[in-house]
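To start, the structure itself, in structure tokens.
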Amino acid sequence: MTDRPSNARRSRRISLAAVAVAGLTLAACATTPMGGGTTGPAVFSADDFAWSARAGQASINGRVEFIQDGRAFQCVGNVGLIPDTPYTRARMQRLYGSTERAAVPAAVVRARSAGEQGADYRSFERAEACTDNGFRFTGLPDGGWFLISPVKAGDEIVVVMRRVQTRGGRAVSVNLGH
């Protein structure tokens with residue numbers, strides 16, 4: 001009879017362990033609504049991006065003033081604007097280690113895997129030329145956005161990322177690098 005209680009205890013421990021593992025697995029796959037954090041993989045859904053395709057009155061006026069180790073980096077190419085969705089939050093976390101702001105060497109970003117992009121993902125991105133370290137996005141709806149810009153000093157290229165929020169159809173001024 002002494003085997004029975006220990007078998008029951010063992011079964012209960014195994015059951016509790018299974019519940020704990022299942023809970024951790026579900027938590028690792030959970031995502032939160034737009035504006036919240038993402039703790040795991042998110043699946044591309046065009047519906048999550050639909051808000052960003054609407055016309056709006058907001059704008060983002062920006063400057064790139066990134067300085068690292070006493071060197072001033074210059075904006076090269078385009079500045080990208082990507083809607084904040086659970087899918088893009090998960091990508092930003094994997095590529096840049098943050099969903100708010102980061103500066104990561106371009107080689108490191110390229111080496112990190114962000115998973116497969118959805119077929120329509122690129123159609124929701126916007127890009128503007130960076131001229132004299134300045135850029136401007138207009139006609140934006142209110143919402144969260146990720147700004148991404150490659151910057152260069154000598155042979156070193158860093159990718160700067162920052163999350164911004166447009167509200168009330170107003171202009172937002174942002175400085176990438178501070």
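The values are calculated or read from the model by the stated rules, or taken from the named source; none is laboratory data. Since this is a predicted model, take the numbers as computed values, not measurements. So basically every Cβ, Gly included, is an ideal-geometry build from the backbone, and we count neighbours across all protein chains shown. We work out accessible area using only protein heavy atoms, side chains counted, and drop any ligands, DNA or RNA first. Shrake-Rupley method; radii C 1.70, N 1.55, O 1.52, S 1.80 Å.
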Determine the gain in length on full extension of the stretch A55-S113; use 0.36 nm per residue of separation and subtract their C-alpha separation, reporting nm with one decimal. 17.7 nm
Rank these residues by their accessible area, most exposed first, probe 1.4 Å: V108, V43. V43, V108
I need the semi-axes of the equivalent ellipsoid of the stretch 66-178: take the C-alpha gyration tensor, multiply each eigenvalue by 5, square-root it, list largest first in whole angstrom. 22, 19, 12
Per-residue counts of other Cβ atoms within 10 Å, averaged by peptide: what ranking do you get for 73-85, 51-63, highest first? 73-85, 51-63
Gained length - A127 relative to V76, 0.36 nm times residue gap less alpha-carbon distance: 17.1 nm
Which distance in nm do the two modelled labels at D69 and A171 give, with both placed 7 Å along the Cα-to-Cβ direction? 3.7
Which residues qualify? For E156, with a placed amide H closer than 5 Å and at least 5 residues away or on another chain, they are none
